[in-house]
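Below is one structure, written out as structure tokens; the observations come after it.
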């Protein structure tokens, strides 16, 4: 699985517009081939920090997403960031869910 995370700092007067555009594109992105999830997140400590987070099955799916018209529509909004946008692309290997957490807690007590 591939994970891509984009963090930007929205200008005060553009925050709501950026959120609206990102949120409007997350549903169609989730419906696209290979997408496991697409989320738009707001930072609890700074309401102007917005994170766009997408998980896709393969790097080919990510490349297709980046070339899509949906993603191309985001580029002007990314350019509005008050700080250089932060981008991180990672390959993820599943290590577990709740069972992993329970196992880690039990190992600490043992």
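Just so it is clear, none of the values below were taken in a lab; they were calculated from the coordinates. Fair warning: this is a prediction, and the values are worked out from it, not measured in the lab. When we count neighbours, we look across all protein chains shown, and the Cβ atoms used for this are built from the backbone with ideal geometry, even at glycine.
Return, for the Cα atoms of segment 2-109, the radius of gyration and Dmax in Å, separated by a comma.
When restricted to the Cα atoms of segment 2-109, Rg and Dmax are 16.0, 51 Å.
What distance in nm separates the two pseudo spin-label positions at residue 64 and residue 33, each 7 Å out from Cα along the beta-carbon direction?
Rounded to a tenth, the inter-label distance reads 0.3 nm.
Which of 30, 57, 88 ends up with the largest GNM mean-square fluctuation for the chain, with Cα atoms connected below 10 Å?
Among 30, 57, 88, the largest GNM mean-square fluctuation belongs to 88.
Sorted from fewest to most neighbouring beta carbons within 10 Å, what does the list 89, 5, 12 look like?
Going from sparsest to densest Cβ surroundings: 12, 89, 5.
Got a sec? How would 52, 77 order by Cβ neighbour count within 10 Å, fewest to most? Before the final figure, lay out the partial values.
Numbers: 52 25, 77 20.
Exposure proxy ranking, most exposed first: 77, 52.
Mind sorting 78, 2, 101 by how few other Cβ atoms lie within 10 Å of their own Cβ, fewest first?
101, 78, 2
Could you check which residue among 67, 91, 36 shows the biggest mean-square fluctuation in a GNM of the chain with a 10 Å Cα cutoff?
Of 67, 91, 36, the Gaussian network model singles out 67 as fluctuating most.
Taking only DSSP H segments of four or more residues, each worth -39500 (n - 2.57), what value at 222 nm results for the chain once the sum is divided by all its residues, to the nearest 500 deg cm²/dmol?
The helix-only estimate for the chain comes to -13500 deg cm²/dmol at 222 nm.
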